[in-house]
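Following: one structure in structure tokens, then a few remarks.
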Ligand code: NAP
Ligand code: HSE
């Protein structure tokens with residue numbers, strides 16, 4: 001499988017301030033779960049550079065030189081650092097490559113320099129260490145090592161330069177997308193009076209240079225032309241974009257613009273996070289109702305969200321049911337009812353899917369809808385996507401994973417001296433544990449996830465009767481194994497396809513030695529290593545439980561459905577890409 005990298009650029013028009021960071025995280029996660037490594041180049045928040053210039057003018061009428069460049073560079077560095085922290089909150093492993101670490105050398109000094117080289121080895125190392133690397137755009141270093149800047153709009157130039165350099169390596173698929181507050185390039189200002197502006201689907205670099213340089217920096221377009229680099233201009237979460245390259249002009253047709261109407265069943269740890277995210281995107285999502293057991297409970301959701309105990313009422317106007325209530329029987333009835341009405345479904349409920357997933361998929365197929373389930377395995381880690389992708393592209397031979405955040409958290413705490421019971425109580429307080437934590441501790445939760453991964457890896461009809469389960473407590477549990485200085489204890493799930501396609505596997509406590517991928521897994525971190533039939537290993541890791549990581553993957557499924565609704569396509573193509 002070739003290495004796939006997406007270079008994204010977020011300017012100050014889309015990351016206007018800290019309130020927009022969650023939208024930035026959703027965009028990064030969207031590409032990450034397609035199996036792509038992501039480099040994110042950021043500008044300063046909206047208005048920051050102007051404010052810094054004004055500050056400098058408080059001391060001199062014409063600020064310039066090293067001090068001025070250094071002051072302006074703090075805007076981009078601040079955004080990169082805060083976006084990295086927002087990704088960490090969502091459980092996405094990310095690194096910041098600051099100006100010195102990226103080593104972007106420029107030709108020329110001052111505030112309008114040109115990029116000459118980067119430390120490609122450092123960038124590649126960072127991309128091996130974490131799937132997401134953040135880069136403050138616009139900033140370089142001159143011959144004397146001091147800060148230089150790439151001119152107004154210079155983060156576009158940083159992004160295109162990095163993409164061009166990364167593309168050198170053979171067998172690498174590099175995509176470069178500049179995210180803007182418009183959904184592409186138009187032949188005239190779409191907000192101006194007069195005839196309707198037309199949006200380009202494709203255009204050449206020269207066509208782009210004939211347009212106003214306020215959308216894409218002209219210096220950046222010229223660099224792309226010199227390097228033969230195709231790039232995209234798009235808004236957050238859009239499938240459609242304007243593609244700029246060695247291309248003739250073509251135009252987009254008008255597309256349907258309407259919010260996706262979402263009913264949410266459950267408003268606990270996960271549901272609250274989902275509803276709060278959706279409320280930030282009113283033009284994309286309308287929450288038709290949040291269904292709970294006790295409508296009188298105080299909830300941390302916006303006051304205009306309707307909280308009800310009436311599922312029918314919430315489903316009445318909905319396109320999608322998000323099931324984040326948990327349990328099996330009532331969730332099953334609700335999902336079945338939604339599918340019968342022709343609604344799409346997004347669920348985080350592995351217990352439901354392990355028991356009834358095959359049957360729900362059959363009903364959903366008959367109704368032409370989907371039951372999306374990214375959050376049901378691995379919390380915020382795209383495990384089902386990884387396994388499904390390897391299965392489709394090469395074939396899965398085996399996999400092993402730490403699939404339960406609560407037990408991993410408890411084992412870590414006990415290793416550091418906590419009592420077992422106190423550690424379980426903390427995991428409950430942090431929102432990691434199931435409503436009944438026995439399901440975590442006796443290995444049931446990890447076992448259900450193992451079943452879902454096996455179906456994705458080996459086919460829905462695979463015979464899984466040979467899978468075994470041993471947890472940390474309860475029937476069949478062994479005593480907590482004593483690592484005795486040999487390594488760390490983890491609750492590991494594994495499966496392999498043997499001769500004649502027989503699937504073996506199970507869940508159980510295992511001592512993992514230093515150097516193993518599971519040896520250093522802090523807190524509720526999960527990790528999955530998939531071995532393909534050619535012998536290569538594909539690893540994904542991140543936060544396996546908790547409000548924001550889990551909400552991130554539920555919302556990613558909803559953005560997929562939103563893209564399908566906008567383009568009036570069936571969701572096969574868009575969702576299967578994820
Ligand atoms: P939770 O905090 O216990 O919240 C459950 C919510 O569902 C509550 O708001 C509850 O209403 C509501 N609810 C339960 N049964 C209901 C029913 N019959 N009718 C209406 N509402 C009902 O659970 P959670 O941690 O958010 O987990 C939800 C689902 O996500 C589970 O399937 C879980 O396995 C899965 N999941 C959780 C995580 C995680 O880290 N927590 C990660 C991945 C997947 P009241 O508030 O009125 O009681
Ligand atoms: N209780 C589960 C865990 C939630 O701890 O992993 C995530 O599925």
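Coordinate-derived values only; no laboratory data. Everything numeric in this text was worked out from a predicted model, so none of it was measured. Note: ideal-geometry Cβ built from the backbone for every residue, glycine included; neighbour counts use all protein chains shown.
Expected output is a single nm value to one decimal: the length gained when fully extending between residue 246 and residue 197, i.e. 0.36 nm times separation in residues minus the C-alpha distance. What is it?
Length gained, residue 246 through residue 197: 15.4 nm.
I'd like the distance separating the alpha-carbon centroids of region 268-301 and region 497-557, in whole Å.
Distance between centres, Cα-based: 30 Å.
Give the separation of the Cα centroids, region 1-36 to region 126-170, in Å.
Comparing the Cα centres of region 1-36 and region 126-170, I get a distance of 16 Å.
Taking R0 as 60 Å, what FRET efficiency do you get between residue 235 and residue 484 from their Cβ-Cβ distance, rounded to the nearest 0.05?
0.60
Under 14 Å from a point placed 7 Å out from the Cα of residue 116 along the Cα-to-Cβ direction: which residues of region 141-185 have their backbone N that close?
141-149
Using Stokes-Einstein with the Kirkwood hydrodynamic radius over Cα pairs, what translational diffusion coefficient do you get for region 429-555 at 4 °C and a viscosity of 1.567 mPa s, in µm²/s rounded to a whole number?
Estimated diffusion coefficient is 81 µm²/s.
What residues of region 58-74 lie in the reach of a label at residue 51, counting those whose backbone N is under 17 Å from a point 7 Å from the Cα along Cα→Cβ?
58, 71-74, by backbone N distance to the label point.
Expressed in nm², what is the orientationally averaged projection area of the convex hull enclosing the Cα positions of region 134-253?
The directionally averaged projection comes out at 8.9 nm².
Rounded to the nearest 0.05, what FRET efficiency do residue 367 and residue 258 give with R0 = 30 Å and r taken as the Cβ-Cβ distance? Could you check?
Calculated transfer efficiency: 0.90.
Apply the a/c threshold of 1.5 to the C-alpha gyration tensor of region 108-189 and tell me whether it is rounded, prolate or oblate.
oblate
Past the 19 angstrom mark, what percentage of all C-alpha to C-alpha distances in region 28-79 do you count?
43 percent
Specify the angular offset, from 0 to 90 degrees and rounded to the nearest 10, of the alpha carbon long axis of helix 350-367 from the longest principal axis of the alpha carbons in the chain.
Helix 350-367 and the main axis of the chain meet at about 70 degrees.
Antiparallel DSSP bridges in the chain: what percent, to the nearest 5?
Among the beta bridges of the chain, antiparallel pairing accounts for roughly 45 percent.
Taking only Cα atoms of region 165-314, what ratio of Rg to Rh do you get with Rh as the Kirkwood inverse-distance radius?
That ratio equals 1.15.
How big is the shadow of the Cα convex hull of the chain, averaged over all directions, in nm²?
Details: hull surface 118.1 nm².
Answer in nm², one decimal: 29.5.
Extension gain residue 74-residue 504, at 0.36 nm per residue separation less the Cα-Cα distance, in nm? Please list the in-between numbers first.
On the way: separation 430, 0.36 × 430 = 154.80 nm, distance 5.42 nm.
Between residue 74 and residue 504, full extension yields 149.4 nm more.
Measuring from label point to label point, each 7 Å out along Cα→Cβ, what is the residue 418 to residue 3 span in nm?
3.7 nm
Which residues does a label at residue 533 reach in region 372-405, if reach means a backbone N under 15 Å from a point 7 Å past the Cα toward the Cβ?
Flagged as within label range: 388-399.
So what's the angle, to the nearest 10 degrees on a 0 to 90 scale, between helix 120-129 and the longest Cα principal axis of the chain?
Helix 120-129 sits at roughly 20 degrees to that axis.
How many nm separate the modelled label positions at residue 328 and residue 279, each set 7 Å beyond the Cα in the direction of the Cβ?
For the pair residue 328/residue 279, the computed spacing is 3.5 nm.
With no solvent and one point on each alpha carbon, what is the Debye value of log10 I(q)/I(0) for region 367-500 at q = 0.14, 0.17 Å⁻¹?
Debye intensities relative to I(0), on a log10 scale: -0.70, -0.97.
Calculate the FRET efficiency for residue 173 and residue 101 from the Cβ-Cβ distance with a Förster distance of 25 Å, rounded to the nearest 0.05.
E between residue 173 and residue 101, to the nearest 0.05, is 0.50.
Could you give the length gained on full extension between residue 306 and residue 496, defined as 0.36 nm per residue of separation minus the Cα-Cα distance, in nm?
Values: separation 190, 0.36 × 190 = 68.40 nm, distance 4.64 nm.
Stretched fully, the residue 306-residue 496 segment lengthens by 63.8 nm.
With everything on Cα atoms, drop me the angle between helix 269-279 and the longest principal axis of the chain, reported from 0 to 90° to the nearest 10.
30 degrees
As a check on your grasp of the helix formula, calculate [θ] at 222 nm for the chain: sum -39500 (n - 2.57) over DSSP H runs of n ≥ 4, divide by the residue count, round to the nearest 500.
-11500 deg cm²/dmol
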